[in-house]
Amino acid sequence: METRQLGNSDLKITSVGFGAWAIGGSGWDFAWGHQDDTDSIAAIHRALDLGVNWIDTAAVYGIGHSEEMVAHALKDWRRPRPHVFTKCVLRWDEQGHITQNHTAASIRRECEDSLRRLQIEVIDLYQMHWPPSDNGLGLEEAWQTLHALQVEGKVRWIGVSNFNVEQIKRAEQIALVTSLQPPYSLIRRSVEKEILPYCKRQGIGVISYAPMSSGLLTGAMTRERAAALPPDDFRSKNPEFREPRLSKNIELVERLRKVGARHGRSPGEVAIAWVLSNPAVTGAIVGARDAKQAEGVMRAGELKLSPEEITEIEGAAAAAVAH
């Protein structure tokens, strides 16, 4: 796979990375339902087999379980270790309910816990998962702490997630921002107006999450499957998976399927390739829950869409959003 430099770092990452959100399993506020651990490890191994060289996880995914699954997968991996990215500032209670904590003491503890669960000595990219919900000075305290961890050698590079331009600028007053992780897909494009252009001007790497809209654009999501999502799958509460939006989104998937058929590719791969066609985007985080799913999407970065195809896809997406 081709690689791209991530922002101001020395990391050369493949255009697609393995997203480890769903493999955290159930039992917390933003779960994807039940997940088999053996399948999780197989999915990671298949992604690495296909050339993926980075894994994105977070302490909060499965309240620590996702990081543990990444460690299990890498323990059995005999080739060069992929880059490991994780995140902080979301903590949980005994019931799996999530709250923010941007204090220095909390982040330092989180970092040590992540290093232990991941069984690594240094985190390649440590990211502030969310800015403070009150947009307060916790942002500065947290970012100062991430920078201190970088200076101490606990983490190699530091980035932010779900930040707007004003929040990125506040962080930049303290230390360089290597990367931003925003949501970005054909049906979630608000970052195009200000955030992506700013990152491109500043040389900040962008690794987009949910390029297939949490599985909605894979081609495997039907009305029946959406209706049958279990209560412990956060998508069951997402309006994009319910009418009236669901039908429009399924229509968009059929347009993606038509484009993909010309290349022998799935709708999900077309959705990922469209995200990667934006020059501000360095890489896309792509989840897979078993080896078969990994097989179907992890080489999406090799698909190069023509300008005509991009126009065709964006026309279909505009129609889907206009409801």
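The values are calculated or read from the model by the stated rules, or taken from the named source; none is laboratory data. Being a predicted model, the structure only gives us computed values, none of them experimental. Here the Cβ is made from the backbone with ideal geometry for all residues, glycine too, and neighbour counts use every protein chain on show. Heads up: the accessible areas ignore ligands, DNA and RNA and are worked out on the full protein's heavy atoms, side chains in. Shrake-Rupley method; radii C 1.70, N 1.55, O 1.52, S 1.80 Å.
Quick look at the numbers
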read-out: Selected residue (criterion: most open to solvent (accessible area, probe 1.4 Å)) from residues of segment 227-249 that are within 20 Å of ALA288 (Cα to Cα), out of contact with any Leu (no Cβ under 6 Å at 6 or more places or on another chain) and of a type outside the set (Asp, Glu); value: ALA228
read-out: In segment 158-171, the residues that are open to solvent by 30 Å² or more (accessible area, probe 1.4 Å) and either outside any loop (DSSP other than H, G, I, E, B) or touching a residue at least 40 places away in the same chain (Cβ under 8 Å) (or both); value: GLU166, LYS169, ARG170
read-out: Matching entry among LEU276, LEU229 (being within 22 Å of VAL52 (Cβ to Cβ) and among the aliphatic types (A, V, I, L, M)); value: LEU276
read-out: Output for segment 81-90, where each listed residue is in a loop (DSSP other than H, G, I, E, B) and open to solvent by less than 60 Å² (accessible area, probe 1.4 Å); value: PRO82, VAL89
read-out: In segment 172-182, the residues that are open to solvent by 20 Å² or more (accessible area, probe 1.4 Å) and free of Cβ contacts under 8 Å to residues at least 40 places away in the same chain; value: GLU172, GLN173, ILE174
read-out: Of all residues making up segment 91-117, the number that are closer than 27 Å to SER15 by Cα and surrounded by fewer than 21 Cβ atoms within 10 Å (Cβ to Cβ); value: 2
read-out: Listing of helices (runs of 4 or more DSSP H) fully contained in segment 262-323 that carry 1 or more residues being closer than 30 Å to GLY25 by Cα; value: 267-276, 291-297
read-out: Residue match in segment 242-265 (condition: among the charged types (D, E, K, R), touching a strand residue (DSSP E or B) at 6+ places or on another chain (Cβ under 8 Å) and within 27 Å of ALA43 (Cα to Cα)); value: no
read-out: Residue count, segment 17-28 (criterion: within 10 Å of the chain's Cα centre (by Cα) and modelled with pLDDT of 95 or more); value: 4
read-out: Residues of segment 15-35 that turn out to be open to solvent by 40 Å² or more (accessible area, probe 1.4 Å) and more than 17 Å from LEU229 (Cβ to Cβ), as a count; value: 0
read-out: Residue, most open to solvent (accessible area, probe 1.4 Å), within segment 276-293, restricted to residues that are touching a Leu at 6+ places or on another chain (Cβ under 7 Å) and touching a residue at least 60 places away in the same chain (Cβ under 8 Å); value: ASN278
